[in-house]
Each structure stands twice: as C-alpha cells, then as structure tokens.
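*Asks:* Quick one: this structure, given as structure tokens, is what I'll be asking you about.
Read-outs throughout are calculated quantities, based only on the coordinates presented, and are distinct from any laboratory measurement. Note that this is a predicted model, so its numbers are computed, not measured. Cβ: placed from backbone, ideal geometry, glycine included. Neighbour counts: every protein chain shown.
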Amino acid sequence: MGETHLIYMDHAATTFTKPEVIEAMLPFLKEHFGNPSSLYSIGREGKEAVETSRKKLAKALGAAQPEEIYFTSGGTESDNWAIKGTAFSRQKKGKHIITTPIEHHAVLYPCEYLETQGFEVTYLPVDEYGLVNPAEVEASIKKDTVLISVMYANNEIGTIEPILEIGKIAREHGIPFHTDAVQVIGKVPLDLQREHKDVDMLSLSSHKFYGPKGIGALYIREGTEIDNYMHGGAQERGKRAGTENVVGIVGMGKAIELATANIEAHNEKLSKMRARLMAGILEIPYCRLNGHPEKRLPGNLNFSFEYIEGESLLLMLDQMGICCSTGSACSSGSSEPSHVLRAIGLAPKTAQGTLRLTLGDANSEEDIDYVLEVLPEVVGKLRAISPFYKPESKCEK
Ligand code: PLP
C-alpha cells in the first residue's frame, strides 16, 4: 500500500489496484497501443484483449454470452444508461419507474431527471435497516410501470437487498429489472443464468474490486429493450460508441477473475476481522450500528456516535493514519446527513456522527488492533469538547 503505512478502511469508496492487475495492463500502455478498430496486428491485439476481457466478465457473472456485457466508464455511467436508456426506449408503454430512496446518486439523479421529463417515480420506503420489502414492490406496480431498479447492496450501510424476490416479481409482471451491483462483486457470487435469471441489467465498476478506475460494465440480458447510450462509432455493437478503454478493460478482466476466484475464503477472512472490530467499537458508549446486523456486506461497518461530528472524527482519524469515511464518500464535504441515513429514520443529530469503516484486502488483524486502540480515545477527546455531552447522557434513537 505504498511507502507510508496507512490503515485503509474505505474499500467501499475505492480499492487499491492489485499488482497482478497492473502487470496485465502494462503491455497495453506500452507496446500494444493499437486502436481495437484497426485491422493491422497491434489493433487486432487490442481487439482480442477486449474480447478476452468480455469473456472473463461474462464467466464471472454467469452470463449466457459475452455479448451481454457492455463496457462503460464505470458504475455511474452503467446506472445512467440502465435507467435513462430503458425509460426512454419504453416510454410509449408507460412512464412509471420504481426504485428506492437509498440508491446511489448515480441512480437517484437520473430518476430525478426523468421526473422533469414527465416520468413518475415511486421511491419505496425501507425499514430501519434499509431493507426493501418485496411485497411493497409488488403493491407499487402500475399498468404503466416500465422499470424497477433496486440496488443489490447499499454502499453506506452495507445492507443486502432481497434481489431474488424482487427480480421474480418484476419477471412475473413483465417489467425489466435493473440492479446496481457495484458493491457486491467479489462478495456475493452471481449467476445470471440460474439464481439471478430475473435480473435484466446489472451495473458494476472495476475500482470497487481492485481494478483500475474509470472503467465498468453494464450487463444487458439479450432481448432487453434499451436505447443506445453513446452515438458515434460501431464499438460495443453500436450501443456505446467510442474507442474502447483497452487498458482499463484488460485490468477489469484480470480484477474480476481474481475477485471471484475465492469469494468464500475472502468473505470469511473479512467477516472475522469485522466481527472483532464491531464488538470492540460497540463497547464505546452511545454508539449504534447502522444497517442490517446479518444481511450486510462482509467488510462493511457503519456506526453513529452521539455527541460527535462525523467530519471531525474523520479528520482526527486521518491524522492517526486511518482512512475511512463519514456518511458516504460521494457526499463527504457536505455536513448534511446522507440520504441513506435519513431514509432509515436516523435523527439528524445522530446521523451527523456517522463513521463508515469498510474492510478489504488492504487490512490485517493488526489494523483492527490499531483502530480499536485509537478510536475510543478519539471519540473520548471529541466528546470532552462537545457542549452537549454529559457522561450521564442518554442515547437518542
Ligand atoms: N453505485 C454504487 C452503489 C456505488 O457505491 C458507486 C460508487 O461509490 C457507484 C454506483 C458509482 O460508481 P463509479 O465510481 O464507478 O462511477
């Protein structure tokens, strides 16, 4: 992890690029620089590398054919394409979309944009753990519903949604189903021909599973109605024009191969470290765990500490060499409680003191020891200067 020793506990924001991934990419930055659309040999090499990567992604996701994988610039683009591309292509059939209030902004903002274009969006309620109830999905379906989009797992609180049940309902009603699976690659085994046969579109992003940034993919099941996203050249079967990011695509191919090779052992290691970290942190007074206690991503922890500003906590931990985040990485810099914490009903004051620690391959048991040594001290110091904190204070829910 570089020269200075950092305790990196922000794997949900991004991950380091694995050395094997960098190795695989290097030749495509150096000698194999050809444009995949060119017919001479260095172009053909690029094309071949892109197609090999497509096959690796299809295999890792259990897709029926590599042609169902479309390369994009990342999770944001994949989500935008799935939402807007489906909505516009099906608008003659109807203009109603179902989603949740805890989606990433890459889903929520395209939905808000569609509302300005005459679409109606239902934002399903979630429970205190951030879980969507499949029965509510079914109850909110209308004659003109043209898309259901529910994330596989939440990036802030780690809650894993009942995607299989929701997909089944969507299929029974003949409605396309999209899921943002950006946070689950390498943590939940996917099989789009069997267990996940009711998922029509699935977004992923390479930098969340130890691949490079700025590259991702959208899985589109054969036969799914969707508008082309980028208009121009014939790349990605004309659906997403633009010279391919060969280096990124090769890196993502290697990364997904590594990430899905041994999901069980990886999860076991993370869950073990996470359990010790969680138990230690919950000993700090006036601290609550956000998200579902069991149905959550193996490396995710999200706590709210009363009488503390998450931002101050983050900065003090940074000074001690610990990288983590408050609320969500994408909304840090603003002190408004995140939309996810609001949706699960946290009081604004409680939500303010939120810290997300996400474990991954950069962590060891020593990291857990260090955080458990530092965090209670830092929380204590911040509370000592808080005008609202009295040791006999009661925790607000
Ligand atoms: N969806 C989820 C659930 C995410 O966590 C993220 C990134 O934080 C994104 C989408 C956006 O992905 P990208 O950074 O590749 O645009």
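*Asks:* In the Gaussian network model of the chain, springs joining C-alpha atoms below 10 Å, which of Ile83, Ile281, Ile249 carries the largest mean-square fluctuation?
*Replies:* Residue with maximal mean-square fluctuation among Ile83, Ile281, Ile249: Ile281.
*Asks:* Something else: If the elastic network links every pair of Cα atoms under 10 Å, which of Lys30, Lys59, Lys272 fluctuates the most in the Gaussian network model of the chain?
*Replies:* Highest fluctuation among the options: Lys30.
*Asks:* Order these by the 10 Å Cβ neighbour count, fewest first: Ile141, Ile102, Ile175.
*Replies:* Details: Ile141 17, Ile102 28, Ile175 23.
Ordered from fewest to most neighbouring Cβ atoms within 10 Å, Ile141, Ile102, Ile175 come out as Ile141, Ile175, Ile102.
*Asks:* Continuing with this model, one more query. Quick check: the angle from helix 105-116's long axis to the longest principal axis of the chain, C-alpha only, nearest 10 degrees?
*Replies:* On a 0 to 90 degree scale, this one is about 70.
*Asks:* Work from the charge dipole of the stretch 132-272 (Cβ charges, +1 for Lys and Arg, -1 for Asp and Glu, about the Cα centre) and give the residue of Ser206, Ser149, Ile185 farthest towards its positive end.
*Replies:* Ser206
*Asks:* Turning to a different aspect of this structure: Based on Cβ point charges of +1 for Lys and Arg and -1 for Asp and Glu, what charge dipole magnitude is obtained for the chain about its Cα centre, in debye rounded to the nearest 20?
*Replies:* Values: 42 positive and 54 negative charges, 142 e Å.
The dipole of the chain has a size of about 680 debye.
*Asks:* Within 10 Å of each residue's Cβ, count the other Cβ atoms and sort Cys324, Cys287 from fewest upward. All intermediate terms of the calculation are to be shown ahead of the outcome.
*Replies:* Numbers: Cys324 24, Cys287 19.
In order of increasing Cβ crowding within 10 Å: Cys287, Cys324.
*Asks:* Among Asp369, Asp361, which comes first, then next, by fewest other beta-carbon atoms within 10 Å?
*Replies:* On the way: Asp369 13, Asp361 20.
Fewest to most other Cβ atoms nearby, the residues stand as Asp369, Asp361.
*Asks:* Ok, one more. Does the stretch 208-304 come out rounded, prolate or oblate by the C-alpha gyration tensor, with a ≥ b ≥ c the root eigenvalues, rounded set by a/c under 1.5 and, if not, prolate when a/b is larger than b/c and oblate if not? Display every interim value, and only then the final one.
*Replies:* Values: a/c = 3.05, a/b = 2.34, b/c = 1.30.
Judged from the Cα gyration tensor, the stretch 208-304 comes out prolate (a/c at least 1.5, a/b above b/c).
*Asks:* Once both axes come from the Cα atoms, what is the angle between helix 19-29 and the longest principal axis of the chain, in degrees from 0 to 90, rounded to 10?
*Replies:* Once rounded, the angle reads 40 degrees.
*Asks:* Mind telling me which of Met278, Met230, Met151 comes out most flexible in a GNM of the chain, alpha-carbon contacts under 10 Å?
*Replies:* In this elastic network of the chain, the residue with the biggest mean-square fluctuation among Met278, Met230, Met151 is Met230.
*Asks:* Which angle from 0 to 90°, rounded to the nearest 10, does the C-alpha axis of helix 163-172 make with the longest principal axis of the chain?
*Replies:* With both axes taken from Cα atoms, the answer is about 40 degrees.
*Asks:* Which ³J(HN,Hα) values in Hz, rounded to whole numbers, follow from the phi angles of the stretch 255-263 under the Karplus curve 6.51 cos²θ - 1.76 cosθ + 1.60, where θ = phi - 60° and Gly and Pro get x?
*Replies:* These are the phi-based 3J(HN,Hα) values: 5, 6, 4, 5, 5, 9, 5, 8, 4 Hz.
*Asks:* Take the alpha carbon gyration tensor of the stretch 160-210, find the square roots of its eigenvalues, order them as a ≥ b ≥ c, and report rounded if a/c is under 1.5; if not, report prolate when a/b exceeds b/c, else oblate.
*Replies:* Details: a/c = 2.34, a/b = 2.04, b/c = 1.15.
Prolate shape, in that a/c is at least 1.5 and a/b is the bigger ratio.
*Asks:* Which of the peptides 383-390, 48-55 is most tightly packed, and how do the rest follow, going by the mean number of other Cβ atoms within 10 Å of each residue?
*Replies:* On the way: 383-390: 11.8, 48-55: 18.2.
Highest to lowest by the protection proxy: 48-55, 383-390.
*Asks:* Find the centroid of the Cα atoms in the stretch 44-87 and in the stretch 118-179, then give the distance between the two in whole Å.
*Replies:* Using only Cα atoms, the two centres lie 23 Å from each other.
*Asks:* Sticking with this structure for a sec: Under a point spin-label approximation (7 Å from Cα along Cα-to-Cβ), what is the Arg44-Lys390 distance to one decimal in nm?
*Replies:* If labels sit at Arg44 and Lys390, their model points lie 8.1 nm apart.
*Asks:* Determine ³J(HN,Hα), in whole Hz, for all residues of the stretch 352-362 in sequence, where each value follows from phi through the Karplus function 6.51 cos²θ - 1.76 cosθ + 1.60 and θ = phi - 60°; x replaces Gly and Pro.
*Replies:* Each residue of the stretch 352-362 in turn: 4, x, 9, 10, 10, 10, 10, 8, x, 5, 7 Hz.
*Asks:* Continuing with the same structure: Based on the Cα coordinates of the chain, what is the per residue volume of their convex hull in Å³?
*Replies:* Values: hull volume 53.9 nm³, N = 397.
Per-residue hull volume (Cα only) is 136 Å³.
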